[in-house]
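The values are calculated or read from the model by the stated rules, or taken from the named source; none is laboratory data. Fair warning: this is a prediction, and the values are worked out from it, not measured in the lab. Just so you know, the surface numbers come from the protein's heavy atoms only, side chains and all, with ligands and any DNA or RNA stripped out. Shrake-Rupley method; radii C 1.70, N 1.55, O 1.52, S 1.80 Å.
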Amino acid sequence: MHTQLASVLRSSSRTVGTLRWPPTSQFNSARTFSTTQHRDATWGFIGLGQMGYNMAKNLRAKIPASDTLIIRDVNEAAAERFVTEAEDTARSSGAGADEYRVEIATTAREIAEKSIVVISSLPEPQHVTDVFHSILKPGKLPVLEQERLFIDTSTVDPVTSKEIANAIHTTQAGRFVDAPVSGGVVGAQAGTLSFMFGASTPTGDSGELLDRIKGVLSLMGKRMWHLGEPGSGVSGKLANNYILAINNIATAEAMNLGVRWGLDPKALADMINSSTGRCWPSEVNNPVPGVVETAPASRDYKGGFGVALMHKDLRLALTAADKSGTPLVLGTHAREVYDAVEAAHRGKDFSVVYQWLQEKSS
Ligand code: NAD
């Protein structure tokens, strides 16, 4: 049955499978949002990359069995892999019930037409704009039994998010929420992400919408902050990651300085982490190999938060700051550092700034 199912799923551009995934009792866990989400709902997920794939997987595992998940990625292999993996899991569990549906869509519009909740996880502002443009351009979306919720989890800039929110709201296509994440691929896999989100609430709403949004986000994460109107989620994310970008460089510079002065790096880190220099890069993601065994620096800077992503977030913060006439004096220098570090150490964790500094030291 499952082989047949896989061939059906692959032979059609828009097909429905009946998959039990994963085959554990977690399906039966209590659903905090069950009172606000309709039965047999259809959910959509756009962008099955490093983050989205794992978030969609958690979503499918936690939504009611009778609900349908429709997925889409321009990389069709990602959507097919999603279905195949679901099928393999179902087969190995011996499950075969007519439930846990996964459908592959050919367009984002098709997902939006059917889904009560549409989640996206896309690389850059331009991708997000293109996807929402393709959703809205063909005209009015059909009215569903509940207001459609668009939750964009991509890290973009506040101007992009506000423009999309405005387009969604003025065309009455649904409600837009910018909800970027932190927690990385590990958090996406474990379903422990943190979300910072921006959403406007309708007049007369006494918290139902925010509860509904939090209910959806809790299927993929553990912590969430409502920071205000649309655009405020990505503003919060960029402000946080601006600090991270600077702290990472400052920690790498200070550690390099201490080591070159002859200090033991572990002793130096211990002292900093009990003093005023303490920060996430010094304590959790220390850039010196061996100081924190679990940090990427201790495994040749593999895994972790890629230098290209840090570079991207800093670029977005600088552009957004510029548009609002806000000076970011350290940011310009930091961007030059990440330009150079990305060119020299592409694919490595952003703490590789330390190694780059060592290479530059005479
Ligand atoms: P990714 O590049 O791995 O995944 C993006 C996916 O979107 C790809 O599979 C791509 O094919 C797909 N895509 C691109 N254009 C599309 C379109 N028009 N329609 C459908 N699919 C399309 O990126 P990622 O690492 O998963 O990150 C996603 C977002 O989350 C980014 O904005 C990133 O900054 C943010 N983020 C990533 C991390 C991380 O550790 N990877 C952490 C926090 C936040």
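Miscellaneous remarks
- Its alpha carbons considered, the range 67-176 gives a radius of gyration followed by a Dmax of 15.5, 49 Å.
- Residue-averaged [θ]222 nm for the chain, counting only DSSP H segments that reach four residues, each worth -39500 (n - 2.57): -15000 deg cm²/dmol
- If the Kirkwood radius is taken over C-alpha pairs of the chain, then at 4 °C and 1.567 mPa s the Stokes-Einstein diffusion coefficient equals 59 µm²/s.
- The 3J(HN,Hα) values that the Karplus relation (6.51, -1.76, 1.60; θ = phi - 60°) gives for the range 43-52 are, in residue order, 10, x, 9, 10, x, 10, x, 4, 7, x Hz. Gly and Pro appear as x.
- The phi torsions of the range 345-355, fed into the Karplus equation with coefficients 6.51, -1.76 and 1.60 and a -60° offset, translate into couplings of 9, 3, x, 8, 4, 5, 5, 5, 3, 4, 5 Hz, rounded to whole numbers, with Gly and Pro shown as x.
- Max mean-square fluctuation residue, GNM over the chain, Cα-Cα springs under 10 Å, options D157, D205, D300: D205
- Relative contact order, whole percent, for the range 236-361 stands at 32, derived from Cα pairs under 8 Å and 6 or more residues apart.
- Taking amide H as placed 1.01 Å from N in the peptide plane, H226 has its amide H under 5 Å from the amide H of F197, each at least 5 places away in sequence or on another chain.
- Nearest-ten-degree value, helix 208-217 long axis tilted from longest Cα axis of the chain: 70 degrees
- Karplus (6.51, -1.76, 1.60) ³J(HN,Hα), θ = phi - 60°, over the range 58-72, in Hz, Gly and Pro reported as x: 5, 4, 4, 5, 10, 6, x, 4, 7, 6, 10, 10, 10, 10, 7
- All C-alpha to C-alpha distances of the range 27-229, sorted into 5 Å bins beginning at zero, yield P(r) values of 1, 7, 16, 21, 22, 18, 9, 3, 1, 0 percent in whole numbers.
- Largest accessible area first, the listed residues E85, E76 line up as E76, E85 when surface is computed with a 1.4 Å probe on the assembled protein chains.
- Under-5 Å amide H pairs with V118, H placed in peptide plane, nonlocal only: G44, L149, F150, I151
- Largest GNM mean-square fluctuation across S200, S324, S66, computed for the chain with C-alpha springs under 10 Å, falls on S324.
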